[in-house]
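Read through the structure below, which is laid out as structure tokens, and then see the notes.
The values are calculated or read from the model by the stated rules, or taken from the named source; none is laboratory data. Model, not experiment: these values are computed from the prediction. Every residue, glycine as well, gets a Cβ built from its backbone with ideal geometry; the counts of neighbours run over all protein chains shown.
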There are 2 protein chains.
Amino acid sequence: MLKTLDTRISSLAKSEVDIRLEPLEKNPKAKPKSISEGPCATCSAHNQAICSGLKDHEMAEFARNIRTRLVKTGQSVYREFEEAKYVYSVVSGEIRLANLLDDGRRQITSFKSAGEVIGEQKKGYYQSDAEAVCDTVVCQIPIKALDKYHKEMPSIQSALSEKVLDELHELRHHAILLGRKTPIEKIATFLVDRARKIGDDTGNKVEVKLTMGRNDIADFLGLTIETVSRTITKLRKMGVLDVPSNHLILIKDLEWLENLAEGEK
Amino acid sequence: MLKTLDTRISSLAKSEVDIRLEPLEKNPKAKPKSISEGPCATCSAHNQAICSGLKDHEMAEFARNIRTRLVKTGQSVYREFEEAKYVYSVVSGEIRLANLLDDGRRQITSFKSAGEVIGEQKKGYYQSDAEAVCDTVVCQIPIKALDKYHKEMPSIQSALSEKVLDELHELRHHAILLGRKTPIEKIATFLVDRARKIGDDTGNKVEVKLTMGRNDIADFLGLTIETVSRTITKLRKMGVLDVPSNHLILIKDLEWLENLAEGEK
DNA sequence: CGCTGAATTGATAGAATTCAAGTTCTGTGG
DNA sequence: CCACAGAACTTGAATTCTATCAATTCAGCG
């Protein structure tokens, strides 16, 4: 296991360009008196993030410890077996969590977008690879700081627990999908979930923007890229949806798609 | 969703016989002064359970709130969508956690044995069906009591968090298995995991006792019962293992099986 | 000793993967 | 703005698996 880790880390060292957006002030030791001076001031994900329950003075303390970081498309935030020093809150963009088999087969277990937390660890090591599906901004929170918050800001702790339980719930449902659903049901479920997540709703029609490519969808649903393609085509010919462009799906009959997702005929 | 719940609960009402092992003393209000009088006194799972870190006086308090409950083969401890009032620690036997699709397809997400915790909830409702694979004893812990312990017995809280993280880790790996592994890899992984769990180890040979039937294995691995059977037969003919009886697998070459589990030819 | 449910085995059909083109999309540079 | 190259996606044909359906064997039990 460790050998595998070493091998993978070294083989990735070249591409591992670490781009960080440091806080605005010149001198990083000049602690901001309020969040209006730090990256939290303009955080678009604040409402959905684990810091949403914090009071003003707590928020200031929180802001002192975090850094935002831009992760460009395809770059990794962290890798499986790497020592876990941070958890991350996704600010914008999208992250894929993936696990690999030795021969390269890949399973994506989750896509995480604004407000969601990544960085779950086991015994101090990350459990998955976390990579940016598209240009993504994450908020980097030192685990040490979290330990401190544990007593001072219980809302952080409970928000985190909540996120972990959400993830469990999500994974359970993904297990049914992977183990028991047909390709049509898988694609339908995936699109319905996206539609609900984005919620760009107009009655029974929904426009779903896909940040990820067919390959990621395939590795998420346990299919090949060809089957993903064929299945989307099939749904298009059935009249359930349209595909204006590769990264855009127009669901024409959401209810129908929901039924397909649950395997009704 | 609620309709589904009602339907399922009523259809199961008949078989839902709730067998409880009340504490030994006649009067349940007579609180035991020490655990020597309660069910915790003889608990065989104590070392692995969430209560293992408790001090004597904490243990006494803990013991006051719990009840043990015998769940016979096939009976359920709780069901998906049911209001979550307890978490359970498995004392002996084995529990399967399962989720169903409307048409009856089933995915088992986990088998839980002594020391493990079940009862994860989302917004107050259980996330899965929990059923006894064989005659099983569980320790029933009111969630209300847990909330109280939160402050008084932090070791419980941290042990619980640990269990939840373990479950996440387990589910992630199960996702790879379901989405990307072949039947042989699935069966091999399953048996290797069992071998590690039970650890009845004698060098490269291990005897694995299976509490569950082929159907449960199939629904756990996302296969049909026939494929499970054929795959085990194939492994037997390859010389990797023997099958002395339906519920017993003798792994003759654990290393080989481990390689098969990871997909090495 | 026969009964019942579980497991295995066999034959077949269906479905998804694989392999192989072909097509469309996207971003870049002229 | 267009042409071009590479990547991403779609489509087609063949193959390989796995699920399905059906029959048989096996094991535990009254």
Being free of Cβ contacts under 8 Å to residues at least 60 places away in the same chain and under 19 Å from residue A:121 (Cβ atoms), is that true of even one residue in the range A:98-107? yes
Among the residues of the range B:58-74, are any surrounded by fewer than 19 Cβ atoms within 10 Å (Cβ to Cβ), acidic (Asp, Glu), more than 11 Å from chain A (Cβ to nearest Cβ) and within 21 Å of residue B:211 (Cβ to Cβ)? no
Would you say residue B:167 is closer than 30 Å to residue B:142 by Cβ, more than 16 Å from DNA strand D (Cβ to nearest atom) and crowded, with 18+ Cβ neighbours inside 10 Å? yes
May I ask you to verify whether residue B:131 is farther than 29 Å from residue A:98 by Cβ, of a type in the set (Asp, Glu) and under 13 Å from the mean Cα position of the chain (by Cα)? yes
Which residues, counting only those in the range A:89-135, are away from chain B (no Cβ under 14 Å), of a type outside the set (D, E, K, R) and part of a loop (DSSP other than H, G, I, E, B)? A:93, A:114, A:115, A:133, A:134
Just name the residue that is farthest from DNA strand D (Cβ to nearest atom) out of those in the range B:226-265 that are modelled with pLDDT of 95 or more and within 14 Å of chain A (Cβ to nearest Cβ). B:258
Confirm whether residue B:193 is buried (at least 17 other Cβ atoms within 10 Å of the Cβ), within 14 Å of chain A (Cβ to nearest Cβ) and out of contact with any helix residue (DSSP H, G or I) (no Cβ under 6 Å at 6 or more places or on another chain). no
Kindly provide the set of residues from the range A:75-104 that are surrounded by fewer than 19 Cβ atoms within 10 Å (Cβ to Cβ), on the phi > 0 side of the Ramachandran plot and under 13 Å from the mean Cα position of the chain (by Cα), ordered by number. none
Complete set of residues in the range B:196-224 that are away from chain A (no Cβ under 14 Å), assigned to a helix (DSSP H, G or I) and within 11 Å of DNA strand C (Cβ to nearest atom): B:214
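Confirm whether residue B:260 is among the aliphatic types (A, V, I, L, M) and in a helix (DSSP H, G or I).
Working: among the aliphatic types (A, V, I, L, M): yes; in a helix (DSSP H, G or I): yes.
For residue B:260, the condition - among the aliphatic types (A, V, I, L, M) and in a helix (DSSP H, G or I) - is met.
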Which of the residues belonging to the range B:42-62 are under 22 Å from the mean Cα position of the chain (by Cα) and of a type in the set (A, V, I, L, M)? B:45, B:49, B:50
Out of the residues in the range A:105-158 meeting the condition of being aromatic (Phe, Trp, Tyr) and closer than 19 Å to residue B:174 by Cβ, tell me which one is surrounded by the most Cβ atoms within 10 Å (Cβ to Cβ). A:126
Restricting to the range B:155-168, name every residue that is in contact with a helix residue (DSSP H, G or I) (Cβ under 6 Å, 6 or more places away or on another chain) and more than 10 Å from chain A (Cβ to nearest Cβ). B:155, B:156, B:159
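From the list A:171, A:178, which one is in contact (Cβ under 8 Å) with a residue 40 or more places away in the chain, in a helix (DSSP H, G or I), facing another protein chain (nearest Cβ under 7 Å) and within 15 Å of the chain's Cα centre (by Cα)? Full working, then the answer.
On the way: A:178 fails: within 15 Å of the chain's Cα centre (by Cα).
Just a single option satisfies the conditions, and that option is A:171.
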Taking the range B:181-195 and keeping only residues that are within 16 Å of DNA strand C (Cβ to nearest atom), touching a residue at least 60 places away in the same chain (Cβ under 8 Å) and either assigned to a strand (DSSP E or B) or not hydrophobic (A, V, I, L, M, F, W, C) (or both), one is left with B:181, B:182, B:185
Within the range A:204-215, which residues are more than 8 Å from DNA strand D (Cβ to nearest atom) and over 20 Å from residue A:262 (Cα atoms)? A:207, A:209, A:211
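Considering only residues that are assigned to a helix (DSSP H, G or I) and more than 14 Å from every other protein chain (Cβ to nearest Cβ), which ones fall in the range A:136-154? If you could, list the steps in order and put the result at the bottom.
First, the residues of the range A:136-154 that are assigned to a helix (DSSP H, G or I): A:143-152, A:154.
Once the filter is applied, which keeps residues that are assigned to a helix (DSSP H, G or I) and more than 14 Å from every other protein chain (Cβ to nearest Cβ), the range A:136-154 yields A:144, A:145, A:148, A:149, A:152.
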Of the residues A:155, A:229, which single one is touching a residue at least 60 places away in the same chain (Cβ under 8 Å) and small (Gly, Ala, Ser)? A:155
What number of residues within the range A:234-247 satisfy the criterion of being farther than 24 Å from residue A:106 by Cα, exposed (fewer than 13 other Cβ atoms within 10 Å of the Cβ) and within 13 Å of DNA strand C (Cβ to nearest atom)? 2
From the options B:181, B:209, residue that is exposed (fewer than 14 other Cβ atoms within 10 Å of the Cβ) and either of a type in the set (Lys, Arg) or closer than 22 Å to residue A:171 by Cβ (or both): B:209
Exclusive hit being modelled with pLDDT of 90 or more and within 15 Å of residue A:248 (Cβ to Cβ), set A:180, A:194: A:194
